[in-house]
Amino acid sequence: MDYRPVSVLTLVRGRQEHLTHLIAGLRSQSRRPDELVIAYMQDDPPQVPDGCPFIIRCIHVEGEPMPLAAARNRAATAAHGDLLAFLDVDCIPDEHFVKRAIEAIHEVPHGVFLPEVRYLPGARRGWLESDGRTTDYASLQWAGRRHPAKRDLTNVSIEPIGDFGELWGLAFILAKSTWTAAGGMDEEYVGYGAEETDFGRRLEGCGAELFWLGGTICYHQHHVVHKPPLQHFESIVRNARLFRRRWGEWCMDYWLDDFERRGLVDRSGGELRVLRPPTPAEINATEQGPHVRFS
């Protein structure tokens, strides 16, 4: 198998401890990445350790609300690798993440691959060994739980996915040439929601194929979630309208349905009308306790 340089890309706003754990996971790889590109959406660059066995580059991306699509585009443009492995800052890759990325692209060069994600509970002591640098994989394997709506990849190597709506920004892998062919992400999406679903449509349109990728697990570190994410109400509504204009249908239906049940929006006649914004009390009430791992 030919050598393929790999760039891991992540987005950061806060969550320094999560980033520290992600970097520890990359240090533990059986085949380390050539670089980590961090697109940070905050005033100051994040803290990164000295002496890493791979290059770490930090790129500042301005914008409010969070410019997620733009940040991914900047990271991809800056990346030097032939392979792009996008990894949410909340994720800790197991030891085979980079190795499996290379193997998958070798098998299907125009493929886009979604590794298995398992969710972690809160952990005050974190997920490092006592040296503070090495990932405690035994604890991760014991604690991680799969999202019930996602495919169990325990006995899967590579498996086709028929619906590009499954594309998940949390962790996905593709060749840089495939990213370029799709045109990157649409930067008109700002804030939370829809940019990755839109990108799935772009990938499908350029002839890419989507696959589940077994043989590696990304462990999602705990943070507080809202059900539904009313704290992102404004951007979800805006991005849903944009997606409707682009593709002629709605996305994020599960959230929009919930907004309708609460009397916040109306989707009759193919339009999305805001009836009223959520109150601060309603937003606070959707915040889940520390036992809730995913929305």
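Only the coordinates and a few stated rules stand behind these numbers; no lab work does. Please read these numbers as outputs of a predicted model, since none were measured by experiment. Ideal geometry is used to build each Cβ from the backbone, glycine not excepted, and the neighbour counts take in all protein chains shown.
Summary of values
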quantity: Gyration tensor (Cα) of the range 63-201, equivalent ellipsoid semi-axes in angstrom; calculated: 26, 19, 16
quantity: 222 nm mean residue ellipticity, helices alone, for the chain (DSSP H n ≥ 4; -39,500 (n - 2.57); rounded to 500); calculated: -9000 deg cm²/dmol
quantity: Top positive-direction residue, dipole computed over the chain with Cβ charges, set LEU275, PRO65, HIS106; calculated: LEU275
quantity: Under 15 Å, Cβ to Cβ, from ALA281 - net charge with Lys/Arg +1 and Asp/Glu -1; calculated: 0
quantity: Sorted by Cβ neighbour density within 10 Å, fewest at the top, the residues PHE233, PHE113, PHE97; calculated: PHE233, PHE113, PHE97
quantity: Cysteines in the chain that, by Cβ-Cβ distance, have no pairing candidate under 4.7 Å; calculated: CYS52, CYS58, CYS206, CYS251
quantity: Proximal lysines relative to LYS150, as straight alpha-carbon distance under 19 Å, when same-chain residues fewer than 8 apart are discounted; calculated: LYS227
quantity: Cβ-placed point charges (K, R +1; D, E -1), dipole of the chain about Cα centre in debye, nearest 20; calculated: 320
